[in-house]
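Undergrad: To start, I am sharing the structure in question, which I have written as structure tokens.
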Amino acid sequence: MVNLTEHTRLLGEVYPALQELSAEARRIQKGEIAKPVREIAPLSLRVHELAVQCTRQVHELSVSPYPAMDGGAESLAHLAGACAQISLAATLCNLAIHHRTEIYLYEDADPTPATSADQLRRASDEMQRAATTYRAVAQQLSRRLASLTTPAEVLPLSTPQAQTKPPAPAARRHT
């Protein structure tokens, strides 16, 4: 049985973590990036770790009754997309390291931090988009749980029948 209250708490923790990591990427981006591995690698590792944590949570939610909840499948799809954005941000951090260290490998490499700074800006943007998604999904799930009047209303979600019930098709929104 999945503890949706715990998952809601975990979802809520991702938003401030992404905000912090995004700010760190922006701070590094504005610098000279003189020591790219030393300056960017810790950020990259933290973003990669968060991507793994988020992907694990999406998996746990996907094999739980959550997709059968009203709006659960759509929220899960949003979370999967946000996980991809976090993973992309981590990869962009690695590319920022690579572009800044190319000067040691290639004569025609850009000696300025411009390309690396651009990769870090893009990483920060991806983390901001993912943060927005996580905040919205966490708030939605929190409201949903708050609207449940008794724990018995959660119980049907943990029955074997509810776990095998396919999720209702989500309506596509056109924005």
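Undergrad: Rounded to the nearest 0.05, what FRET efficiency do Ala146 and Glu20 have when you use their Cβ-Cβ distance and R0 = 30 Å?
TA: Between Ala146 and Glu20 the formula returns 0.65.
Undergrad: Okay, moving on. Hey, how many Å between the Cα centroid of the stretch 28-72 and the Cα centroid of the stretch 73-100?
TA: Computed from Cα coordinates, the inter-centre distance equals 7 Å.
Undergrad: Could you give the accessible area per residue of the stretch 1-109, probe 1.4 Å, as a whole number in Å²?
TA: 52
Undergrad: Run the numbers for Tyr104 and Glu13: contour at 0.36 nm per residue of separation, minus the present Cα-Cα distance, in nm.
TA: 28.8 nm
Undergrad: If the only charges are +1 at each Lys and Arg Cβ and -1 at each Asp and Glu Cβ, what is the size of the charge dipole of the stretch 31-100 around the Cα centre, to the nearest 20 debye?
TA: 380
Undergrad: What is the mean projected area of the alpha carbon convex hull for the stretch 1-73, to one decimal in square nanometres?
TA: 5.6
Undergrad: Sticking with this structure for a sec: Rounded to the nearest percent, how much of the accessible area of the stretch 46-152 (1.4 Å probe, protein heavy atoms only) is carbon and sulfur?
TA: Ligands and nucleic acids excluded, carbon and sulfur give 54 percent.
The values are calculated or read from the model by the stated rules, or taken from the named source; none is laboratory data. If you're wondering where the values come from, they're calculated on a predicted model, not measured in any experiment. Note that each Cβ is placed from the backbone with ideal geometry, even for glycine, and that neighbours are counted across all protein chains shown. With ligands, DNA and RNA removed, areas are computed over all heavy atoms of the protein, side chains included. Shrake-Rupley method; radii C 1.70, N 1.55, O 1.52, S 1.80 Å.
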